[in-house]
Every structure is written in structure tokens, then in C-alpha cells.
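Participant: Below you'll find the structure I mean.
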Amino acid sequence: MEDLKTSETWRVFRIQSELVEGFETLNDLGPAVSIFGSSRLHADNQYYKDAKTVAKMLADAGFAVITGGGPGIMEGANEGAKVGKAHSVGLNIELPTEQVSNKHQDISLHFRYFFVRKLMFIKYAMAYVIFPGGFGTMDELFEALTLAQTKRIKPFPIILYGPDYWKGLIDWMKNSLVPAGTIFNEDFALFSIVESPDEVLFLISEHHRVFGNMLSGKK
């Protein structure tokens, strides 16, 4: 039993160290956008290409780009940010499979704990761009929607990229959740659905122009 207590105590210090390292590393990042998407969509996929384009456009406009640091959509976004010469941030996570850090990061953090990593995504981003993805991507999307809906964070753009991919989910929300009373029609104003990089840049640039004082560290 004593070993367990010691183990749990040291886990607290490990969590604390990840928090401190994240805060110190990202504190002066400036306006940044978190981009999410599947690790399984590679360079020949159109969504990968669009993620790269979106990230480059954001970087050229002065926004840093934050991803999960892995392959797929994340790599495309980091590559685009690096080409655009903005900070290309990877918040890498230790996983038994899939997570191999991509080479396009100029700021690279490594986390053991998902909840610490998720805090860094939300704290230091002034917008989320959600490309097609699986459970991890959905997790980040619905956490952001929950925090916005419950007003635990200040409103910021949550942008779903690719109407065809998201249509089934949105239809299910409208046809099941709204009639059941578990969400309201006004909750759909919490996010936008776009189909081009230009739309992403416009929404984020307009938000930054109007709410420029609401930078990442203000959440």
C-alpha cells in the first residue's frame, strides 16, 4: 500500500511538471489556432492537402498553428505552418500506437496525460479548426462545444471543415438531440461549417479583428 501512495504522489508531481512546462513554453506564443483531424489521412488525401493550405494561410496572416504533433492531418497542418513561417506547435502524446511525432514542429511538447494536453489546446488557441477525424477529433470538438455552451470559456470560432463529412453528425443532432430537448437550436450557432481554406481564414481573421484582446491566455 505504501508503494501505491508513493506512486500516486509522484504522479501529481509529473502532472504539475507537464503543466508548468506547457505554460512556460506557450505563454508568449501570440494568437494561435488549434487544428485537429485524423492521423490516418495522409498526403494524398484532399483533407490533408487542405489542412496544409489552411495552416499556411493562417501562418501568413500571423497566426501560430497548434496540432497534436502526429501524422495525418496534424502533419499537414504543421507542414503548412512551417512553410508559412509561423510557429508550428506540436502537442505530442505518448500512445502505444499511431502517435509518431512529425518533423514539421519548431515548438514541440510531449505529454503523458491527455487532460493536460487538452488544456494547452484550449488555453492557447483563439480558434479551433476541426478536420475529419475519429474518436480523438470528436473528443476535442465536443469538449470545446461543451465549454462554450456552458460559458466556461469565452466564445471563439469552432470551425468544422468539410460539409460532406459532418453532414451525418449534424443531421443526427437536429433530428435526435433537438427533438429530445437535450440541445437547443441556438446551440448550432456555437460552430460553423466550411468547405474552403478561404472561409477558415475569413472567420478567424474577423474574430481576431473584433476580439483582438481575447487572446489565448485570456480563457
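The values are calculated or read from the model by the stated rules, or taken from the named source; none is laboratory data. Since the structure is predicted, the reported quantities are computational estimates derived from the model, not experimental observations. Here the Cβ is made from the backbone with ideal geometry for all residues, glycine too, and neighbour counts use every protein chain on show.
Participant: Name the single residue that is surrounded by the most Cβ atoms within 10 Å (Cβ to Cβ) among those in segment 156-183 being closer than 21 Å to SER38 by Cβ and of a type in the set (Gly, Ala, Ser).
Facilitator: Filtering segment 156-183 for residues that are closer than 21 Å to SER38 by Cβ and of a type in the set (Gly, Ala, Ser), the one surrounded by the most Cβ atoms within 10 Å (Cβ to Cβ) comes out as GLY162.
Participant: Now a separate question. Do you know which residues across segment 52-88 are within 14 Å of ASP106 (Cβ to Cβ), basic (Lys, Arg) and modelled with pLDDT of 95 or more?
Facilitator: Answer for segment 52-88, where residues must be within 14 Å of ASP106 (Cβ to Cβ), basic (Lys, Arg) and modelled with pLDDT of 95 or more: just LYS82.
Participant: Mind checking which pairs have a first residue in segment 184-206 that is surrounded by fewer than 12 Cβ atoms within 10 Å (Cβ to Cβ) and a second that is part of a helix (DSSP H, G or I) and hydrophobic (A, V, I, L, M, F, W, C), Cβ under 8 Å, 6 or more apart or different chains?
Facilitator: Qualifying pairs under 8 Å: PHE184/VAL178; ASN185/VAL178.
Participant: Is segment 53-62 home to any residue that is out of contact with any Gly (no Cβ under 9 Å at 6 or more places or on another chain) and either surrounded by fewer than 24 Cβ atoms within 10 Å (Cβ to Cβ) or under 13 Å from PRO197 (Cβ atoms) (or both)?
Facilitator: No, segment 53-62 has no match at all.
Participant: Also: Would you check if there is a residue in segment 81-98 being in contact with an Asp or Glu (Cβ under 9 Å, 6 or more places away or on another chain), of a type in the set (S, T, N, Q), farther than 17 Å from GLY30 by Cβ and part of a loop (DSSP other than H, G, I, E, B)?
Facilitator: Among the residues of segment 81-98, not one is in contact with an Asp or Glu (Cβ under 9 Å, 6 or more places away or on another chain), of a type in the set (S, T, N, Q), farther than 17 Å from GLY30 by Cβ and part of a loop (DSSP other than H, G, I, E, B), which makes the answer no.
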